[in-house]
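A quick write-up on the structure given underneath.
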Amino acid sequence: MINEKEYEVTQIGNLDLIVSDHVANGSFKSLKDSVKYFDEPNFAIFLRNIDLKNRLDGNLKYIDETSYNFLKKSHLFGGEVVISNVADVGSVHRVPRLKHPMVVGNNQIFIRSKNQSMNDYLFIFFNSKWGQHAIHSITSGSAQQKFNKTDFKKLNIPIPTDNWVDNHISPFLKMTDLNKAETRLLKRIKSSLLNKYF
């Protein structure tokens, strides 16, 4: 449990965060004219909601280096929190740390803090029933649900101390990451053995 001395309520926009998305780089026309997409591996991964849901196990989309440089406001480095803000609203993911350049795909926003404890907390918070309620409180539309960055930045959320996060959230995420890494390794071993003997 968290007590009142271990958190404060504040607007997301008041926090020392970057909140950005694909369209922060320019108009729809400039994006269409300046960004080239590829189905085969290229300079950077264009990280979509479906890719994060499938843990990057599927057909990825890529962009070339020129497109990557144009999309400078949506570079991802790993550890960021990505939230789908169109259609599959409220789908929350943490960007994996890869040895490959990445940018956030369309219909998503991402949050980045220099403080990893903050990234860890925001990932857990927005996956919780309270975080999901906050997201849905700013969601509109009947045919296609969505929310925008401006309304998102106005959300009031509880922010615990770094010490509380380091003791309660970060160890859980480290264990989760370790389990995921071991699962991926076992899948690779299984695939290798099947290919070798069958």
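Within the full protein context, the accessible area of Trp164 is estimated at about 40 Å² for a probe radius of 1.4 Å. What segment 42-107 shows is 46 Å² of accessible area per residue, with the surface traced by a 1.4 Å probe over protein heavy atoms. Applying 1/(1 + (r/R0)^6) with R0 = 22 Å to the Cβ-Cβ distance of Asn148 and Tyr7 gives a FRET efficiency near 0.25.
Solvent-accessible area assigned to carbon and sulfur over the chain amounts to 53 percent, based on a 1.4 Å probe. Accessible area of Thr176 (1.4 Å probe, protein heavy atoms only, ligands and nucleic acids ignored): about 40 Å². In order along segment 47-63, phi translates into HN-Hα couplings of 7, 9, 4, 4, 5, 5, 4, 8, 6, 6, 9, x, 7, 7, 10, 10, 10 Hz, rounded to whole numbers, per the Karplus curve 6.51 cos²θ - 1.76 cosθ + 1.60 with θ = phi - 60° and x for Gly and Pro.
Taking amide H atoms as placed 1.01 Å from N in the peptide plane, the amide H of Gln108 lies under 5 Å from those of His22, Asn85, each 5 or more residues away in sequence or on another chain.
Taking 19 Å as the limit for the C-alpha separation, the pairs Lys32/Lys61; Lys36/Lys61; Lys36/Lys153 exceed it in the case of Lys36/Lys153. Under a 5 Å amide H cut-off, with hydrogens placed 1.01 Å from N, Met102 pairs with Ile45, Leu76 among residues at least 5 apart or on other chains. Within the straight-line cut-off of under 19 Å between alpha carbons, the aspartates and glutamates reachable from Lys149 are Asp16, Asp21, Glu80, Asp88, sequence neighbours fewer than 8 places apart in one chain being disregarded.
The values are calculated or read from the model by the stated rules, or taken from the named source; none is laboratory data. What you see is a predicted model; the values in this text were computed from it and never measured. We place every Cβ from the backbone using ideal geometry, glycine too, and count neighbours over all the protein chains shown. Ligands, DNA and RNA are stripped out before the accessible areas are found, and what is left, the full protein with its side chains, is counted by its heavy atoms. Shrake-Rupley method; radii C 1.70, N 1.55, O 1.52, S 1.80 Å.
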